[in-house]
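These notes concern the structure reproduced below.
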Amino acid sequence: MAKQPAASNIQDINDAQVWDNLKEAIASCSGFERWQYEQQVDRDDTSLDYRVRRYLRETLETLAY
């Protein structure tokens, strides 16, 4: 009989899927595209994950200010 994955492993997989979907949605929005252009972010040298995290951090810092 196959071993069932632990509930935390399933949650980790679900979280990763949600993050991937969210990351793709953010990357396709005009605000993100404009931010990349204004920041002169090098798309070839940084991963999409890094760019989206940086965008979110900077956006939240601006909102908190």
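Just checking, how many residues over the stretch 49-65 are over 11 Å from the mean Cα position of the chain (by Cα) and either part of a helix (DSSP H, G or I) or closer than 15 Å to G31 by Cα (or both)? Working first, answer last.
Here is the first cut: in the stretch 49-65, the residues over 11 Å from the mean Cα position of the chain (by Cα) are 58-65.
Keeping just the survivors that are either part of a helix (DSSP H, G or I) or closer than 15 Å to G31 by Cα (or both) gives 58-64.
Qualifying residue count for the region: 7.
Conditions (1) open to solvent by less than 90 Å² (accessible area, probe 1.4 Å); (2) more than 24 Å from T62 (Cβ to Cβ); (3) in contact (Cβ under 8 Å) with a residue 40 or more places away in the chain; (4) not β-branched (V, I, T), marked per residue:
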site: I10; (1), (2), (3), (4): yes, yes, no, no
site: A16; (1), (2), (3), (4): yes, yes, no, yes
site: L22; (1), (2), (3), (4): yes, no, no, yes
site: A25; (1), (2), (3), (4): yes, no, no, yes
site: E33; (1), (2), (3), (4): yes, no, no, yes
site: Y37; (1), (2), (3), (4): no, no, no, yes
site: Q40; (1), (2), (3), (4): no, no, no, yes
site: R43; (1), (2), (3), (4): no, no, no, yes
site: L48; (1), (2), (3), (4): yes, no, no, yes
- Residue match in the stretch 39-48 (condition: assigned to a helix (DSSP H, G or I) and of a type in the set (D, E)): no
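The values are calculated or read from the model by the stated rules, or taken from the named source; none is laboratory data. Remember, it's a predicted structure, so these values are computed and weren't measured experimentally. Ideal geometry is used to build each Cβ from the backbone, glycine not excepted, and the neighbour counts take in all protein chains shown. To get the accessible areas, we keep the full protein, side chains included, count just its heavy atoms, and leave off ligands, DNA and RNA. Shrake-Rupley method; radii C 1.70, N 1.55, O 1.52, S 1.80 Å.
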